[in-house]
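The values are calculated or read from the model by the stated rules, or taken from the named source; none is laboratory data. Because the structure is a prediction, the values reported are computed rather than measured. Neighbour counts run over all protein chains shown; Cβ positions are idealised from the backbone, glycine included. Keep in mind that these areas ignore ligands, DNA and RNA; they rest on the heavy atoms of the full protein, side chains included. Shrake-Rupley method; radii C 1.70, N 1.55, O 1.52, S 1.80 Å.
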Amino acid sequence: MSAASTSRRIAATVLAAGAVVSAVALPASAHDGDRRHRQDARVEISAVQTGDRGHRSNRALNAEWVEITNNGRRPVDLDGWTLRDRDGNRYRFDDYRLAGRSTVRVHTGMGRDTRTDLYQDRRHSVWDERSDKATLLDHRGHTVDTESWGRNHRR
């Protein structure tokens, strides 16, 4: 279980106890590290698999991915949302609807988009295995979720 998942579960527990300790629950929920703009976010970056920058085969590039999960019951229209890394590489979701309680895997390489797998159609690695940050933004450019790893780990 990742540190981000643990912190989300702790925040949820604090919110549930809000009726008893409302003075403590509000500040705790306002400081959920990954969610800057939406405390009740249903869509999140649920996993990241980095690649080896030395391998450029399509197979190696498709082994590098980011999973986006909709934890809510209703579908979410991701049209116009973007996924970006610390270096400014961007993937824009185009005409994609993420069903409720489901996950889509966004691969770096080339492939045919399906309901569960999307492809950036890149010929070079995006996610640095040593240190990087994945940021998911909605169609208005608001940060929905971030996931950081490695040195210089900042949310």
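Among the residues of the range 89-110, which ones are buried (at least 17 other Cβ atoms within 10 Å of the Cβ) and not hydrophobic (A, V, I, L, M, F, W, C)?
Answer for the range 89-110, where residues must be buried (at least 17 other Cβ atoms within 10 Å of the Cβ) and not hydrophobic (A, V, I, L, M, F, W, C): Y91, Y96, R105, H107, T108, G109.
If you go through the range 113-134, how many residues are in contact (Cβ under 8 Å) with a residue 60 or more places away in the chain and of a type outside the set (F, W, Y)? It would help to see each step written out before you state the result.
Of the residues in the range 113-134, the ones in contact (Cβ under 8 Å) with a residue 60 or more places away in the chain are 122-129, 132, 134.
Applying the additional criterion that residues be of a type outside the set (F, W, Y) yields 122-126, 128-129, 132, 134.
Number satisfying all stated conditions: 9.
Inspect the range 97-110 for any residue being hydroxyl-bearing (S, T, Y), modelled with pLDDT of 95 or more and either in a strand (DSSP E or B) or over 21 Å from G150 (Cβ atoms) (or both) and give the result as yes or no.
Scanning the range 97-110 turns up at least one residue that is hydroxyl-bearing (S, T, Y), modelled with pLDDT of 95 or more and either in a strand (DSSP E or B) or over 21 Å from G150 (Cβ atoms) (or both).
Among the candidates S148, S125, single out the residue that is of a type outside the set (A, V, I, L, M, F, W, C) and not in a strand (DSSP E or B). Let's see the steps before the verdict.
On the way: S148 fails: not in a strand (DSSP E or B).
Among S148, S125, only S125 is of a type outside the set (A, V, I, L, M, F, W, C) and not in a strand (DSSP E or B).
Given the residues D138, D113, D85, D121, which is the only one that is surrounded by 14 or more Cβ atoms within 10 Å (Cβ to Cβ) and on the phi > 0 side of the Ramachandran plot?
D121
Pick from the range 43-56 the residues that are part of a loop (DSSP other than H, G, I, E, B) and in contact (Cβ under 8 Å) with a residue 12 or more places away in the chain: which of them is least open to solvent (accessible area, probe 1.4 Å)?
G51
Mind listing just one residue for me: the one in the range 57-82 that is of a type outside the set (A, V, I, L, M, F, W, C) and in a strand (DSSP E or B) and, of those, surrounded by the most Cβ atoms within 10 Å (Cβ to Cβ)?
Of everything passing the filter in the range 57-82, N70 is surrounded by the most Cβ atoms within 10 Å (Cβ to Cβ).
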